[in-house]
Amino acid sequence: MSTSIPSAPSNLKKLNAQVYLSEPTGEDASASADGSEGVSAPGLIILFGWMNAKLAHVQKYADILRGIYSTSTIAVVMVDSNFYWLSEKTKESTLAPVLTTLNREKENGNLNKGILLYVMSNARHPLNAPQQPPIAMLLDSLPGDDGFESAMNGSRPDQPILRIISTPIVILIYGVFHLINMLAGNLPIFTSLRIAVHEPAGLPNLSESKSSDVKPAPRLYIYSETDRITLAKNVKRHIDEAAGKGYDVTVERFEKSPHVAHARTDPERYWTAVRELWSRVATRET
């Protein structure tokens, strides 16, 4: 990524198999702004990596977030395909360290600075936060809607012969997964995600306030016209739906970047959009 993009070691601490935590160092604790015209940094950043991502790849994003927001606590949640087969109780247990962090940040007053909810691809899972701080949502390469088409495009190799051979296998796996999910009484994953992302606050059950009293979280959609996994038409439809609800929506549309590769394609543009998103939240709360 570009050398002009600030980066610092995030020093991720492993809390369990899927949750990692980066806390500001002692020398960072005395600072309060992110370097963007004195805008206060978020108290907490929750970064959901994309499906089956390698930690080393997601950590590059955490390192840049640490460089930009030196005083923020950063929670990183890694999600693999096995996560969706787990029971709700097991999922909640896996994500318990994130909720513990939320409660701790509330108690020490850091949560009052706000939360940046940073979601990549289709990896988000609902969390119950303890109150209603200012929140921003960054939606990188999501939400999708064509579960089968996304599975086919994302799972099959590029070579024509291998694609022909692998197609029946992908169809079988997707069919079994879809059937089990349906028998469990769950909505299709992409449908569930599209509904969840339309939550006004970004984090469901964020407070005891009525939903009509919750201020909609400003959201930034980042997507590509050539993404084979999260199709542009589905993101555009969700953008239109969010705008129709009166949400504060901004969009960064890339022409040729692959799935979750927009930051690598044009880092200056990508990270400028991230900083501008949080600046809108911070300035409207002052």
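The values are calculated or read from the model by the stated rules, or taken from the named source; none is laboratory data. Everything quoted here is computed from the prediction, not taken from an experiment. Here the Cβ positions follow ideal geometry from the backbone for every residue, glycine too, while neighbour counts run over all protein chains shown.
Results, tabulated for the structure shown:
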read-out: Index of the failed condition, Lys215 passing every other in (1) at pLDDT below 90; (2) outside any loop (DSSP other than H, G, I, E, B); value: (2)
read-out: Filtered residues of region 57-82 (kept if touching a helix residue (DSSP H, G or I) at 6+ places or on another chain (Cβ under 9 Å) and hydrophobic (A, V, I, L, M, F, W, C)); value: Ile64, Leu65, Ile68, Ile74, Ala75, Val76, Val77, Met78
read-out: Restricting region 77-91 to residues that are assigned to a loop (DSSP other than H, G, I, E, B) and surrounded by 11 or more Cβ atoms within 10 Å (Cβ to Cβ), the residue that is modelled with the highest pLDDT; value: Met78
read-out: Test: residue in region 55-65 that is of a type in the set (S, T, N, Q), buried (at least 20 other Cβ atoms within 10 Å of the Cβ) and at pLDDT 95 or above; value: yes
read-out: Counted residues, region 230-241 - those being within 18 Å of the chain's Cα centre (by Cα), assigned to a helix (DSSP H, G or I), in contact (Cβ under 8 Å) with a residue 40 or more places away in the chain and over 28 Å from Asp63 (Cβ atoms); value: 2
read-out: Output for region 92-104, where each listed residue is β-branched (Val, Ile, Thr) and either in contact (Cβ under 8 Å) with a residue 12 or more places away in the chain or not in a helix (DSSP H, G or I) (or both); value: Thr94, Val98, Thr101
read-out: Tabulated pairs, region 242-268, first at positive phi and crowded, with 16+ Cβ neighbours inside 10 Å, second at pLDDT below 95 and assigned to a loop (DSSP other than H, G, I, E, B), C-beta under 8 angstrom, 6+ apart or interchain; value: Val260/Trp50; Val260/Ala53; Val260/Ser121; Val260/Ser141
read-out: Qualifying residue in region 106-121 (condition: farther than 24 Å from Pro218 by Cα, modelled with pLDDT of 90 or more and part of a loop (DSSP other than H, G, I, E, B)); value: yes
read-out: Count - residues of region 47-76 that are over 18 Å from Lys113 (Cα atoms) and part of a strand (DSSP E or B); value: 2
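Every residue, every condition in (1) under 18 Å from the mean Cα position of the chain (by Cα); (2) of a type in the set (Ser, Thr, Tyr); (3) not in a helix (DSSP H, G or I), yes or no:
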position: Arg228; (1), (2), (3): no, no, yes
position: Glu268; (1), (2), (3): no, no, no
position: Val281; (1), (2), (3): yes, no, no
position: Arg284; (1), (2), (3): no, no, no
